[in-house]
1. Which one, VAL12, VAL25, ILE85, is farthest towards the positive end of the dipole of region 1-106 when Lys and Arg carry +1 and Asp and Glu -1 on their Cβ?
2. Where does each of LEU172, LEU305, LEU92 land when they are ranked from fewest to most other beta-carbon atoms within 10 angstrom?
3. Find which of TRP376, THR200, VAL358 sits farthest along the positive direction of the dipole of the chain, computed with +1 on the beta-carbon of Lys and Arg, -1 on that of Asp and Glu, about the Cα centre.
4. With contacts defined as alpha carbon pairs under 8 Å and 6 or more residues apart, what's the relative contact order of the chain in percent?
5. Diagonalise the Cα gyration tensor of the chain and give the resulting equivalent ellipsoid semi-axes, square root of 5 times each eigenvalue, largest first, whole Å.
6. THR326's amide H: which non-local residues (gap 5+, or another chain) put their own amide H closer than 5 Å, with H modeled 1.01 Å from N in plane and none for Pro or chain starts?
7. On a C-alpha basis, how far is the centre of region 327-381 from the centre of region 86-113 in Å? Whole number, if you could?
8. Give the calculated FRET efficiency between GLU328 and VAL36 to the nearest 0.05, with a Förster radius of 56 Å applied to their Cβ-Cβ distance.
Amino acid sequence: MTDQRGESTRAVHTAGDPEETTGSVQPPIFQTSTYVQSDFAVHQGYEYSRTQNPTRDALETAVAELESPDAPAHGSAFSSGMAAISAITQLLKSGDHILAASDLYGGTARLFDEIMAKFGVSTTYSELGPGELEACAQDNTRILWLESPTNPLLNIHDIETLTKQAHERGWLVVVDNTFASPVLQRPLQLGADIVVHSTTKYIAGHSDLVGGCIVVRDDGLNEQIRFIQNTIGSVPSPLDSFLTLRGIRTLPLRMERHCDNAEFLTERLASHPKVTRLLYPGLAQHSGHEVASRQMRRFGGIISLEVEGGEAGARKLAANLVLFATAESLGGVESLINHPWTMTHAATPEARRLEVGVTSGLVRLSVGIEDAEDLWNDLNNALNTL
Ligand SMILES: *Cc1c(COP(=O)(O)O)cnc(C)c1O
């Protein structure tokens with residue numbers, strides 16, 4: 001089952017192309033809700049598009065191959081990253097407990113705190129430093145929930161070590177791999193049980209859709225996820241499945257460019273006098289650099305920084321940028337700047353934001369695939385106005 005081909009080859013030739021009946025190089029967009037049956041309950045494996053759709057199948061195969069080229073795995077696609085994340089929480093029951101990394105994606109924490117809590121599922125947040133997993137473990141803990149690098153502070157969690165500790169206790173390990181993409185990091189190979197993505201970001205990569213996916217290796221776990229997917233019904237449309245798959249064709253190529261550009265920019269930002277704090281796992285002085293060097297192939301396309309002047313400085317920086325548009329989201333071909341304090345993390349209680357280090361002066365850059373020199377000129381010009 002091991003696929004020996006290179007990653008770019010797999011991304012371009014994934015999911016059984018060409019299509020058999022017509023020779024279509026790309027999988028057709030099967031824009032249908034239902035499928036004709038030759039007799040009652042006699043069909044070709046497709047009954048209803050909430051349950052199965054061939055375009056979605058192609059996407060699900062592709063994400064599984066990306067995350068797990070060396071062992072069989074199952075992908076399931078969802079209508080958003082949050083839909084995928086919430087499907088995972090449906091594995092739990094009232095009385096269960098989640099141990100989560102402390103600076104999780106704001107929407108995930110909101111789901112845990114505002115929705116899951118109502119159903120009797122509790123969550124503890126921890127930085128998961130030495131001894132903390134043991135200290136936070138409860139008899140009813142079922143899931144260790146990790147993100148690495150985290151959003152927006154780019155903290156790194158040692159996936160392999162934490163997974164071993166969680167497995168000793170019989171917990172499932174979930175890794176939100178959105179920031180790294182499967183090109184840079186493969187949590188299943190590090191032992192994790194469930195990988196989840198907002199495919200909205202790098203996987204689709206063009207800021208033109210919202211989607212999510214889950215990849216697991218275990219057949220039983222997959223059956224449960226598929227049951228939840230069909231029962232809850234938060235599936236992507238055939239068109240969005242097609243677009244996500246089209247994004248995957250260039251994912252390895254794009255990731256190299258995102259990383260090249262981010263490395264180029266961090267080198268220059270590091271010596272700019274207006275930059276007061278610079279977070280990028282590729283920097284030798286970053287607290288997670290050593291672990292990131294082990295578990296990631298490169299360090300990704302996201303940079304967070306604080307500039308002189310706190311929130312006012314951040315506002316001025318954003319206002320003076322031309323190529324970096326101010327917007328939520330990340331991972332698209334175009335560069336974006338985000339102010340977590342007022343945007344992505346506004347729903348996170350202020351005390352928690354400050355506790356984890358999301359300050360009002362912090363901005364997050366999603367470095368696109370434009371020419372690096374142009375991006376630097378844009379940043380440098382805007383920084384020099386501060
Ligand atoms: C965007 C994002 C999500 C949520 O995904 P949606 O597609 O917006 O629902 C979850 N986790 C991370 C790390 C994200 O960046």
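Just so you know, all these numbers are worked out from the coordinates, no wet-lab data involved. A quick note: this is a predicted structure, and the numbers were derived from the prediction, not measured. All Cβ positions, glycine included, derive from the backbone under ideal geometry; neighbour counts span all protein chains shown.
1. Farthest towards the positive end: ILE85.
2. Numbers: LEU172 22, LEU305 26, LEU92 18.
With the sparsest Cβ surroundings first, the list reads LEU92, LEU172, LEU305.
3. Comparing the listed Cα positions along the dipole, VAL358 ranks first.
4. Details: 777 pairs, mean separation 66.1, N = 386.
Answer for the chain is 17 percent.
5. Details: eigenvalues 235, 135, 70 Å².
Semi-axes (√(5λ), whole Å): 34, 26, 19.
6. Here the answer is ILE337, since their amide H atoms fall under 5 Å of that of THR326.
7. Measuring centre to centre over Cα atoms gives 24 Å.
8. On the way: r = 42 Å, r/R0 = 0.75.
Rounded to the nearest 0.05, the efficiency is 0.85.
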